[in-house]
Every structure is written in C-alpha cells, then in structure tokens.
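Reading through the structure tokens given below for one structure.
The values are calculated or read from the model by the stated rules, or taken from the named source; none is laboratory data. The structure presented is a predicted model; accordingly, all values stated were derived computationally and were not measured. We place every Cβ from the backbone using ideal geometry, glycine too, and count neighbours over all the protein chains shown. Note: accessible area is taken over every heavy atom of the protein model, side chains too, but ligands, DNA and RNA are not part of it. Shrake-Rupley method; radii C 1.70, N 1.55, O 1.52, S 1.80 Å.
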Amino acid sequence: METVSSPEVFLHIKVVMGMVISLSLARLLTGVAGIVQHPAKARVYAVHLGWALSLFLFIIHIWWWEYRLQAVPAIGFGIYLFLICFCSLFFLLCALLFPASLDEYGGYEEYFISRRRWFFSILGLIYAVDILDTAIKGPERILSLGWEYPARNMIYILLCAIAAYTANRRFHTTFVIANLLYQVSFIFRLYDVLE
C-alpha cells in the first residue's frame, strides 16, 4: 500500500470536510436571508435565531480548530469517515433549523418547539462526538485543554437533554442566551490563536 505524506492527506481531508461545512453554512445563511427577504412569511422566534447564530459560531470555530488535524501522523479511512460524519451532524442541525417549508406551522417558534427533541438530541451528540474528535488529535491535546473542555461538553450534553424534554420558553431563552455568552467567551479565552 502506498503511503502519502501527512500534508497531502490533511489537504485532501480538509477539502472534503470543507464541502460539508460549506453546505451547513449555506443552509444557515440561506435560512436567515429567507427571513430577511420575506419577513411576513413566517413569524420569527428569537430563540431560533439565537441557535442559528450559535451554530454559525460553532461551525466556523470547529473548522478553525480542525487545522490541528495536521498534527495527526497517520489518518485511516475510519478517521476520515468519522470526520465526515461529524461535519454532517452540523448540516443536519442547520437543515433542522431552516426546513424547506413552514406551511404546517404558525411560525418558527411553533416549528422549533415541535422539533426540539431532534435538534437538542443532535446538538448533544455533537458535544459527545467533539470529545472523540479531540482525542484523535492525541491524548496530549486533551490534557492541554484542562478541566474546562470536558466539563463544558458534559454540561452541554446535560442541558441539551433537558432542552429536548422541556417546552418551557423561559428555559429555552435562558439556555440560548447563556450559550451565546459562554460560547464567545470560550472561543476568545481558549481558542483564539492557532499555534
């Protein structure tokens, strides 16, 4: 079997992952543009828009952070498949946030609350899979992140389980606001610069 140098493998994987990530961003941006283009078509829900902004930040941050894959000495098909599936989860979330049609619903609030189990189950799964994604980069990578990274992921998984269960609007509003504040803080405190 022919071996290929790590930068060539990394570039190939990065391109394929980039295509899936691009589809996710395109779905988000198209959804937001649709709201701007046709504001009277469906009633907007602030919590829904908050999760759209959160996903935008999460996706571009994950893509920023995947640069670390080049440190992995050898990548087999299993890791490649795992990474593509990981990126595909983001696309699925974006598609859930912005469906092809809202005709069956009275607006984004009714739609979002009715699909919350799917949305938060997949979001919780992403936080679990993110731990595996980080582990691929090596045990020293996980150790270098300190206690906050695994604690953050476990807390998010728990909060997503609660959000999937409850339709309480106050909980959902608090969750998305706290999430956005923490997400921005987390990015700029711990992951602002690639070294």
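State whether one or more residues within segment 113-124 are under 22 Å from Gly18 (Cβ atoms) and either within 12 Å of the chain's Cα centre (by Cα) or of a type outside the set (Ser, Thr, Tyr) (or both). Yes: segment 113-124 contains one or more residues that are under 22 Å from Gly18 (Cβ atoms) and either within 12 Å of the chain's Cα centre (by Cα) or of a type outside the set (Ser, Thr, Tyr) (or both). Identify all residues within segment 10-38 that are of a type in the set (S, T, N, Q) and within 21 Å of Ser54 (Cα to Cα); write none if there are none. Ser22, Ser24, Thr30 - these are the residues of segment 10-38 that are of a type in the set (S, T, N, Q) and within 21 Å of Ser54 (Cα to Cα). Evaluation of Val184 against the conditions (1) under 21 Å from Leu49 (Cβ atoms); (2) among the hydrophobic types (A, V, I, L, M, F, W, C); (3) open to solvent by less than 60 Å² (accessible area, probe 1.4 Å); (4) at pLDDT below 95 shows that the sole unmet condition is (3).
Within this structure, Thr166 passes the test of being out of contact with any helix residue (DSSP H, G or I) (no Cβ under 7 Å at 6 or more places or on another chain), under 18 Å from His48 (Cβ atoms), at pLDDT 90 or above and open to solvent by less than 40 Å² (accessible area, probe 1.4 Å).
Mind counting the residues in segment 133-154 that are under 30 Å from Ala167 (Cα atoms) and hydrophobic (A, V, I, L, M, F, W, C)?
Matching residues across segment 133-154 total 2.
Within segment 37-52, residues that are farther than 20 Å from Ser24 by Cα reach partners that are part of a loop (DSSP other than H, G, I, E, B) and open to solvent by less than 20 Å² (accessible area, probe 1.4 Å) with beta carbons closer than 8 Å, at six or more positions or on different chains, in the pairs Ala42/Gly107; Arg43/Gly107; Val44/Gly107; Tyr45/Gly107.
Scanning segment 78-104 for residues that are surrounded by fewer than 11 Cβ atoms within 10 Å (Cβ to Cβ) and touching a helix residue (DSSP H, G or I) at 6+ places or on another chain (Cβ under 7 Å) yields no hits at all. Of the helices (runs of 4 or more DSSP H) lying entirely inside segment 117-195, those carrying at least 3 residues that are closer than 17 Å to Leu93 by Cα are 148-165, 169-190.
Quick check: anything in segment 158-165 touching a residue at least 12 places away in the same chain (Cβ under 8 Å) and farther than 19 Å from Ile177 by Cα? Scanning segment 158-165, I find no residue that is touching a residue at least 12 places away in the same chain (Cβ under 8 Å) and farther than 19 Å from Ile177 by Cα, so the answer is no.
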